[in-house]
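Undergrad: Have a look at this one.
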Amino acid sequence: MLAEILLSLILLWDGYFFLRYLLSLRRAYPTREWSPMVSVVIPAYNEEENIEDAVKAALSQDYPNFEVIVVDDGSTDGTYEKALSIKDERLRVIRINHGGKTRALNVGLEFSAGEIIVTIDADGLLEKNAVSRLVERFYSDDIAAVGGQVRVRGETFLELAQDIEHLRIATFRRAKELENLSLAPGPISAFRKRSLLKIGGFVNDLVEDYATTLALKKIGRVVYAPGARVWVRMPSGLGALWRQRRRWFLGDLPKLSSKPFKEKLVFIMSDLVALLDVLFPLAALMAGKWSLLLIFLVLEWLMMYLIVRVEGGMLVEVALFPVILWFWAAFYLSLHIYGLILYAFGKKTPSEWN
């Protein structure tokens, strides 16, 4: 009986968001045809291996009116020289003393000529139409920022797991956040320059993209552009992944208290569903309920197959999805318990986490 209850709760939760996703695919979201000057700002610190490809992808945009600004944040490798070696009149390379990502972004903002500021990470490969898809979503004067879709490069299990994670995020954003995006992600977002200047530039914070999004939502709207994609590198080792997500979670946690009750409820429910995702396979196996496991697997495969077809992806991601779903449920459940314990004991700064 326990396995049946767990499965029913999981399918109710997943089914609700999947239905919202399907309905969102039938609706045309508003856009605007215009071509303001765009500045693509790329902050870079010790990105010698990635910067050249990132800049070339940015320069290859099908958009008619843009510049690319690389801000080398005091790199100790060949990042600056690699960026400088690319000859294009639309490219400007600036070198500053090391001061962190937020300062590099604000230096780029200071030197920018664009009405719209697009930010990407130095390991990000923009799809050719990404800037166009971001800009067209500024369909109203009250829109302060537009976030795009992040995808993950690589073929290891952890890289595939992170790409599937971002595919799931993309379905949630289409379903729930097309016109009210909770986060304009650092790897691909666009901002009205005047809006950024109004809040004093990018916000210096452990998670600067989330802090900047919150500040901008006080003066305007933030929306989602599902067709604007960037392909990034993510941690390929479990230790590096844990440290990255720990930083993100502990950076976000203090801001949870200022969120609306609905968002707090979603946070709590997400953790409860993660617990269900962990417990259900174990309960079904212990009870010998193979038919329930099969139902679960088939439904999850079907949902993931459609998502991959719409958003782009690989069949191996469909095949691995149930395993990866269980991995993420166990990972985030552990991370959130760990983070909440640290936060409860007042360990709220990076130096206190270890």
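Undergrad: Please pick out the residue among 303, 314 that is crowded, with 17+ Cβ neighbours inside 10 Å and either out of contact with any Lys or Arg (no Cβ under 9 Å at 6 or more places or on another chain) or not assigned by TED's automatic domain parsing to the domain that holds residue 168 (or both).
TA: Residue meeting the stated conditions: 303.
Undergrad: Given the condition of a type in the set (Ser, Thr, Tyr) and part of a helix (DSSP H, G or I), answer yes or no: does some residue in the range 31-50 qualify?
TA: Within the range 31-50, not a single residue is of a type in the set (Ser, Thr, Tyr) and part of a helix (DSSP H, G or I).
Undergrad: Same structure again: Identify, from the list 32, 20, the residue that is over 30 Å from residue 121 (Cα atoms) and surrounded by fewer than 19 Cβ atoms within 10 Å (Cβ to Cβ).
TA: Matching residue, one of 32, 20: 20.
Undergrad: Right, next: May I ask you to list the residues in the range 65-113 that are assigned to a helix (DSSP H, G or I) and within 27 Å of residue 199 (Cα to Cα)?
TA: Within the range 65-113, 101, 102, 103, 104, 105, 106, 107, 108, 109, 110, 111 meet the criteria.
Undergrad: In the set 215, 274, 284, which member is assigned by TED's automatic domain parsing to the domain that holds residue 56, crowded, with 17+ Cβ neighbours inside 10 Å and among the small types (Gly, Ala, Ser)?
TA: Being assigned by TED's automatic domain parsing to the domain that holds residue 56, crowded, with 17+ Cβ neighbours inside 10 Å and among the small types (Gly, Ala, Ser) holds for just one of 215, 274, 284, which is 215.
Undergrad: While we're looking at this one, here's another question. Scan the range 232-244 and give yes if some residue there is at pLDDT 95 or above, within 17 Å of residue 130 (Cβ to Cβ), under 15 Å from the mean Cα position of the chain (by Cα) and surrounded by 17 or more Cβ atoms within 10 Å (Cβ to Cβ), otherwise no.
TA: Yes, the range 232-244 contains a residue that is at pLDDT 95 or above, within 17 Å of residue 130 (Cβ to Cβ), under 15 Å from the mean Cα position of the chain (by Cα) and surrounded by 17 or more Cβ atoms within 10 Å (Cβ to Cβ).
Undergrad: Right, another one. Output yes when any residue across the range 178-200 is in contact (Cβ under 8 Å) with a residue 40 or more places away in the chain, more than 23 Å from residue 124 (Cα to Cα) and in a loop (DSSP other than H, G, I, E, B), and no when none is.
TA: For the range 178-200, residues in contact (Cβ under 8 Å) with a residue 40 or more places away in the chain, more than 23 Å from residue 124 (Cα to Cα) and in a loop (DSSP other than H, G, I, E, B): present.
Undergrad: Being farther than 14 Å from residue 224 by Cβ, in contact with a helix residue (DSSP H, G or I) (Cβ under 9 Å, 6 or more places away or on another chain) and touching a residue at least 40 places away in the same chain (Cβ under 8 Å) is the filter here; which residues of the range 146-156 pass it?
TA: 151, 152, 153, 154
Residue-by-condition table, conditions (1) of a type in the set (A, V, I, L, M); (2) at pLDDT below 95; (3) over 20 Å from residue 212 (Cα atoms); (4) touching a helix residue (DSSP H, G or I) at 6+ places or on another chain (Cβ under 8 Å):
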| position | (1), (2), (3), (4) |
| --- | --- |
| 61 | no, no, yes, yes |
| 71 | yes, no, no, yes |
| 76 | no, no, yes, no |
| 81 | no, no, yes, no |
| 94 | yes, no, yes, yes |
| 104 | yes, no, no, no |
| 117 | yes, no, no, yes |
| 122 | yes, no, no, yes |
| 144 | yes, no, no, yes |
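The values are calculated or read from the model by the stated rules, or taken from the named source; none is laboratory data. These numbers come from a predicted model, not from an experiment. Glycine gets a Cβ as well: all are built from the backbone with ideal geometry, and neighbour counts include every protein chain shown.
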